[in-house]
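A quick write-up on the structure given underneath.
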Amino acid sequence: MTPQSTKTDAPRTPEVTIPPADHLVGKNCKRVDGREKVTGLAMYGADLFPQAADLFAKVVRSEEAHADIVKIDTSAALAVGGVLGVYTHADVGGTNIHGLIRRDHPALAEKRVRYRGDAIAVVVAESERSAEAARDRVHVEYSPLPVVATMEEALSDGAPRLYPEGNIMGDKRIRRGDVDAALAAAHCVVTDTFHTQTVDHAFLDVEAGTGIWDGHTLTLNAPGQWVHEERRLIALALGIPVEQVRIIQPVTGGAFGGREDISIQIYLGLAALKHPGKTIGLRYDRAESMRARHKRHALKIEYTLAADREGTLTAARITVHSDEGAYASTGIAVMRKAASHATGPYRVPAIEVDVYGVHTNNNPTGAMRGFGACQMAIAYEGMMDRLADALEMDRVALRKRNMIVPGDPVTTGQRIDNASVHECLDAALAKFNERPYPGNDGLPPHLRRGWGMSAICFGLGYGDGFPDCSRARVEINPDGGATVYTGGVEVGQGLLNTMMQIAGEELGLPFEKMHVVAADTELTDESGSSSATRQTYFTGNAVRIAASELREQILDVAGKWLNVHPHEVTLQQGWAFETANDANRVSMARLYDEGLARGYSFKATGLFKPRTVPEVHGTGQSPRAFITYLFGAHVSQVLVDIETGEVKVERHIAAHDVGKAINPQSVEGQIVGGVAQGLGMALMEEVVYKKGRILNAGFTDYIIPTIKDLPPVEAIIIEHDDPGGPFGAHGVGEPPLIGAVPAILSAIYDATGVAPDTLPVTPERMWRLLRMRDGVPVPV
Amino acid sequence: MFHQPVDIETALRLRGERPDATVVNGCTDVSVARNHGMLHPREVIDLSRIASLKTIEHDGDNLLIGAGATFAQLGKCHLKALREAALSVAGPAIRNQGTIGGNLVTASPAGDGCVALLAMGGDVELASAARGSRWVDVRAFFLGYRKTELAGDELVTRVRVPYNPVTRWYKIGKRGAVNISLVCAAVARRTDGSFGLAYGCVGPIPLFAPKAERVLARGPLTDALIAEAADVVESEVAPIDDHRGSADYRRAMCRTLTTRLLADIAKNGDQGDADAFSAGAAA
């Protein structure tokens, strides 16, 4: 059959000049969502109501950190005017359980509450005010159990058990080489214990969204980080078929891991199922958001590091206890990431790591930017500074002596081909030395200046054999542009642009012709979570695979149109032309019609599913624990007021090998944001519990940095093509935070001679450390 | 009911008639209390539209500050402690709203403006429709935790502070802005040579330190005298442990800041700058 061509009346002579090639990869294309966000037009979850909601839901939460539920009395709540229903576990049709890795968290508690934030009931009313009033009138009768407030309490003899099997949630181990022998033979052994704190994600956009059940489909407009997995969890918990759940991600203001666990979705779904045809609105306020959500794990890290006379590392023995809070969340994976990153970017021949997860009656702890690797960097970099002191060696020299080079193994035994940590540190130091270091000359006596550094590595993706894949679809549009469909969630990091730019580059289209549809389970295929620094690499690859298949379709059609072989065709700026003669050309819009007429779909899908290898049980070793590794190095300069303990970061330099910056401005944004968040973790942020109650559930007392606290961050983007990444890119999400914290601590050590071991280094903590150094008794 | 009078007479009459109404003058404290469910105002009298309360004037000897003067306005004041205290409050948006009158009546121990006023000394004008106005020494204004001399039918209308004291201010918080004091201190040397010392977050109300001030009155301002005064300050303040900081730290900081601020006055008079980091800030 001869295809019917649309070519007959097409002009062969060009009316316009083809603009020069414009590579979208590496270009600062304006954020496709930028204008709407800065002008306030973007519809975040909380913007979806009150207009869009018919009814309003509120969640009743436990006032006890640990208790048996004796009785839930909803009668007073039901008597509140405008209240349409109060629902408990008995009203949930499915398993009523969620949890990303281990499903152990009741959506609505039935018999027992394990933290002061556990949900017990959902109220639905005609107004938000009525819902709030009714929420406060649900009477829950508790039989209180002893509260396990700290890891020490959880591990003590006779401690109350949160679960029948005890308070140890699990463990992760690394065993390599003979640590005992290496320690015995070592020239120098240093030991210290680090305490990292509980941190909140503090994203701007608190949990909010809408849900409706139309009798066939439950549609939720609710922010998460992995819409397809959330759909499965919601369907299971509520007992409806997964294909009857649709999740649409509203515009989302930050996540940082804080949206990985289920938040409002099941409650919205339950309320919607009970009130068919009505749009339900649910939003948390900041206090509820902080009370309900999981947190970053607080870790106690006991670290012993040994070296020979020249400063070559010989052994590390590390014991970690991790406050898992009340439920598993992603804790077991965080424990593994802590173990697998325990010695960072350094060669250590003998390693022993034991990580224990410990349940307490604090908030569950789970994913947060850095995911266990962040806390370990504080320890291994802190130990490098202490070791340098003990050996009377230069801090940079000690690091460089031990940093891996291509082919060396990291903690898991995985040999790293793209180890660029030397270059990162050299680049950061060179930038630092571009300006003379002012030192301590001329400072008033109460001020001390210092500088410090960090060198870090980070395994990208879920790793350890956990199925990790992305799918994407790209379609040519009738106007000759293209649309990328991805299940990936834009949470502010720049995913939309990244995917548009990758596809546009492959197809030779200008950015203006690119469109994107993301994170709608009805319209997009699964792209995994926006976490683990994985979207650019994983979904980016899937998009590139789809786009390159489309490119082949276009080249075929264009070759026929232009009467040349497909490999003689160039795609540029929305045109296809004969490479040797650009007067022989055709626009993409016209090619679209031609292609359809010739039976081409102009649609393509891409699947990227690389394999990693599970750890060997007991040794934690794996030849390919992670698909690829990222490296970075920071230099920080601080000023410390040794009388008040105040610390000011004066300069901060962050160098990161990102493979290839798809959008350099977005990459720089990720680096600056990571440093800001790291500064907060180093100096300010801490969730304070008292018997399981958060004392600072709000921004009055949960202190995050302001613009006045952050120096201009000097970001250095290093680009070494990652052979497995799209256009050589790998990712940048988490490493900037991981590098920032230890560099600031290192600078404080340099300034004061006191090495902080407990975070955050608030003015008072700094003051106490200095008093102890000076031998002044400090009441605890 | 929401009342927004534009002249002081109407405001005073409303106040007299409606003793249960909540008075706001910037509403930066009341909004937070309401959001946290600690306050449920049914009736509000808003003073922020009364132009006559917004003026800052001087008569040569004294600065007369309208109760509605915002922290943004006070951020341009020539008195260093008051200016820096005002600029240490929250961020620009809140400073455009919050007022010195509101700061006084809220009477928080962390009231930065109150601490600056206590160090400089001065009077607060309280007015009522029925009884006219009276001036109360600012040091007699704070009676207890969030309790003041203000009667149920009265409004704070003006504050009067001496025009020419040499002052210093320092606030320790956990970050560079939008920052509740962990502890703050203001010191003033008045034109008659007497000293005022005041502290925030070290007692149930903004505190001043009369015993230490008497030590300083012996003059001259030597290192030894400063050290002696700082010793006395430690015994005069009454901080507690809370989730923001410990009593020990706060007490120690009162000593540190007293020493630092007085030493700066001794050395630099009205020229100095006690900001910890500006002195050493990198280029």
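So, A:P742, is that one part of a helix (DSSP H, G or I), in contact with a strand residue (DSSP E or B) (Cβ under 7 Å, 6 or more places away or on another chain) and either free of Cβ contacts under 8 Å to residues at least 12 places away in the same chain or of a type outside the set (K, R) (or both) or not?
Judged against the criteria, A:P742 is a match.
Being farther than 24 Å from A:H720 by Cα and in contact (Cβ under 8 Å) with a residue 12 or more places away in the chain is the filter; apply it to the range A:608-635 and report the residue that is surrounded by the fewest Cβ atoms within 10 Å (Cβ to Cβ).
It comes out as A:G618.
Considering only residues that are without any contact (Cβ under 8 Å) to a residue 60 or more places away in the chain and either surrounded by fewer than 21 Cβ atoms within 10 Å (Cβ to Cβ) or not in a loop (DSSP other than H, G, I, E, B) (or both), which ones fall in the range B:197-217?
Within the range B:197-217, B:P210, B:K211, B:A212, B:E213, B:R214, B:V215, B:L216, B:A217 meet the criteria.
Please go through the range B:21-41 and pick out each residue that is at pLDDT 95 or above and assigned to a loop (DSSP other than H, G, I, E, B).
B:A21, B:N25, B:G26, B:C27
Select from the range A:410-429 the residues that are more than 15 Å from A:Q637 (Cβ to Cβ), assigned to a helix (DSSP H, G or I) and open to solvent by 10 Å² or more (accessible area, probe 1.4 Å) and list them in ascending order.
Within the range A:410-429, A:H422, A:E423, A:D426, A:A427 meet the criteria.
Under 6 Å between Cβ atoms, at least 6 apart or on separate chains: pull out the pairs that start in the range B:236-256 with a residue that is at pLDDT below 95 and end on any residue that is of a type in the set (V, I, T) and open to solvent by 20 Å² or more (accessible area, probe 1.4 Å).
B:H243/A:V688
Does A:M393 meet the test of being at pLDDT 95 or above, buried (at least 21 other Cβ atoms within 10 Å of the Cβ) and not small (G, A, S)?
no
Select from the range A:715-732 the residues that are out of contact with any Asp or Glu (no Cβ under 9 Å at 6 or more places or on another chain) and open to solvent by 20 Å² or more (accessible area, probe 1.4 Å) and write down the one among them that is nearest to the other protein chains (Cβ to nearest Cβ).
Result: A:I716.
Does any residue in the range B:100-115 that is at positive phi come within less than 7 Å, Cβ to Cβ, of a residue that is open to solvent by 10 Å² or more (accessible area, probe 1.4 Å) six or more places away or on a different chain, and which pairs are these?
Going by the 7 Å Cβ cut-off, the qualifying pairs are B:A107/B:F142; B:A107/B:R146; B:A107/B:K147; B:A107/B:T148; B:A107/B:I205.
Just one of B:L143, B:L155 is aliphatic (A, V, I, L, M) and over 15 Å from the mean Cα position of the chain (by Cα); which is it?
B:L155
Can you tell me which of B:V202, B:V187, B:V183 is β-branched (V, I, T) and under 21 Å from B:Y163 (Cα atoms)?
Result: B:V187 is the single residue among B:V202, B:V187, B:V183 that is β-branched (V, I, T) and under 21 Å from B:Y163 (Cα atoms).
Within the range B:218-264, which residues are assigned to a loop (DSSP other than H, G, I, E, B) and more than 25 Å from A:R765 (Cα to Cα)?
B:R218, B:G219, B:P220, B:L221, B:T222
Residue-wise test of (1) crowded, with 21+ Cβ neighbours inside 10 Å; (2) among the hydroxyl-bearing types (S, T, Y).
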site: B:V124; (1), (2): yes, no
site: B:F142; (1), (2): yes, no
site: B:Y145; (1), (2): no, yes
site: B:L155; (1), (2): yes, no
site: B:Y163; (1), (2): no, yes
site: B:Y170; (1), (2): yes, yes
site: B:A177; (1), (2): no, no
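Taking the range B:85-97, which residues are more than 14 Å from chain A (Cβ to nearest Cβ) and either under 15 Å from B:R175 (Cα atoms) or touching an Asp or Glu at 6+ places or on another chain (Cβ under 8 Å) (or both)?
Scanning the range B:85-97 gives B:A85, B:A86.
Among A:Q244, A:Q249, which is the only one that is crowded, with 24+ Cβ neighbours inside 10 Å and farther than 30 Å from A:A182 by Cβ?
A:Q249 is the lone residue from the list that is crowded, with 24+ Cβ neighbours inside 10 Å and farther than 30 Å from A:A182 by Cβ.
Does A:A202 qualify as being surrounded by fewer than 24 Cβ atoms within 10 Å (Cβ to Cβ), over 20 Å from A:D520 (Cα atoms) and without any contact (Cβ under 8 Å) to a residue 12 or more places away in the chain?
So A:A202 does not fit the description; no.
Could you tell me whether any residue of the range A:441-456 is of a type outside the set (D, E), within 20 Å of A:T314 (Cβ to Cβ) and crowded, with 24+ Cβ neighbours inside 10 Å?
Checked the range A:441-456: at least one residue is of a type outside the set (D, E), within 20 Å of A:T314 (Cβ to Cβ) and crowded, with 24+ Cβ neighbours inside 10 Å.
Mind checking whether some residue in the range A:705-712 is modelled with pLDDT of 95 or more, within 14 Å of another protein chain (Cβ to nearest Cβ), in a strand (DSSP E or B) and open to solvent by 30 Å² or more (accessible area, probe 1.4 Å)?
Within the range A:705-712, none of the residues are modelled with pLDDT of 95 or more, within 14 Å of another protein chain (Cβ to nearest Cβ), in a strand (DSSP E or B) and open to solvent by 30 Å² or more (accessible area, probe 1.4 Å).
Just to be sure I understand, how many residues within the range B:13-39 are within 14 Å of chain A (Cβ to nearest Cβ) and touching a helix residue (DSSP H, G or I) at 6+ places or on another chain (Cβ under 7 Å)?
Residues that pass the stated criteria total 2.
Residues being under 13 Å from B:G113 (Cα atoms) and within 11 Å of chain A (Cβ to nearest Cβ): count how many of those fall in the range B:160-182.
3
Considering only residues of the range A:674-688 that are facing chain B (nearest Cβ under 10 Å) and not acidic (D, E), which is surrounded by the fewest Cβ atoms within 10 Å (Cβ to Cβ)?
A:V688
The values are calculated or read from the model by the stated rules, or taken from the named source; none is laboratory data. What you see is a predicted model, and the numbers here were worked out from it, not measured in a lab. Here the Cβ is made from the backbone with ideal geometry for all residues, glycine too, and neighbour counts use every protein chain on show. Note: areas computed on protein heavy atoms with side chains; ligands, DNA, RNA excluded. Shrake-Rupley method; radii C 1.70, N 1.55, O 1.52, S 1.80 Å.
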